[in-house]
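Everything below concerns the one structure shown next.
The values are calculated or read from the model by the stated rules, or taken from the named source; none is laboratory data. As the structure is a prediction and not an experimental result, all values here were calculated from the model. Glycine gets a Cβ as well: all are built from the backbone with ideal geometry, and neighbour counts include every protein chain shown. We work out accessible area using only protein heavy atoms, side chains counted, and drop any ligands, DNA or RNA first. Shrake-Rupley method; radii C 1.70, N 1.55, O 1.52, S 1.80 Å.
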Amino acid sequence: MKINWGTAIVIAFGLFITFILYFVVKVQSDSKYDNDLVVEEYYKHDAKFGDEMKRIQNAEDLVSKPVITILSEGVTIVFPVTLVPENIKGKVSLYRPSNKKLDFEIPISLSDATTLLIPKKSLAGGRWDINMEWQYEGKSYLTKETIYIK
């Protein structure tokens, strides 16, 4: 049986389309290839981008900034000693890029010490993005940092 070049091109296109459709169906149906958005309702999030940049700039303008350190017992966030701990309010959001189910938030509640500890048992190994949104004496701050847990 002899196939002319026109028939061969149609068969090649058909095989290529089948190949592409196979991978599209596989990626859409398998939960291993989760393709969720980083932020739910990202249009609303982007509308507040200017405010976010102002809070980041406020944090950059501080003379002494909060320090995030990885220790054997967990991650510590040490606020400057020049700040009164009772006046610091806010939250720490820990975002795991590879698994949305591991994301969590911790309120910043400092009584007399300027250190906040996030226990290592609540952090799986790998990359974590930390967003600290906090207020001090009526001014809002936002600190973003990426850490790697072993």
How many lysine pairs are close in segment 78-142, with Cα atoms under 20 Å apart and the two 8 or more places apart or on different chains? 10
Testing the spin-label approximation: label points 7 Å from Cα along Cα→Cβ at GLU73 and ASN4. State their distance in nm. 8.2 nm
Surface accessible to a 1.4 Å probe, LEU110 within the full protein complex, Å²: 10 Å²
Could you sort VAL78, VAL92, VAL63 by accessible area so the largest value comes first, with the probe set to 1.4 Å? VAL63, VAL78, VAL92
Charge dipole magnitude, Cβ of K and R +1, D and E -1 - the chain, Cα centre, debye nearest 20: 640 debye
Farthest toward the dipole's positive end in segment 1-139, which of ASN4, VAL25, LEU102, given Cβ charges of +1 (Lys, Arg) and -1 (Asp, Glu) about the Cα centre? ASN4
Working with all protein chains in place, sort GLU137, GLU41 by solvent-accessible area computed with a 1.4 Å probe, largest first. GLU137, GLU41
Could you compute how much accessible surface LEU142 exposes when probed at 1.4 Å, giving the result in Å² to the nearest 10? 10 Å²
Along the Cα→Cβ direction, 7 angstrom out, place labels at VAL27 and GLU60. What is the inter-label distance in nm? 3.4 nm
Hey, what did segment 66-150 get for relative contact order, percent, Cα under 8 Å, at least 6 apart? 30 percent
For labels at PHE13 and LYS91 in the simple 7 Å Cα→Cβ model, what's the distance in nm? 5.3 nm
By accessible area (1.4 Å), largest first, MET132, MET1 order as MET1, MET132
Longest principal axis of the chain (C-alpha) makes with the long axis of helix 5-29 (C-alpha) an angle, in degrees to the nearest 10, of 30 degrees
Full extension from HIS45 to LYS121: what is 0.36 nm times the residue separation minus their Cα-Cα distance, to one decimal in nm? 24.3 nm
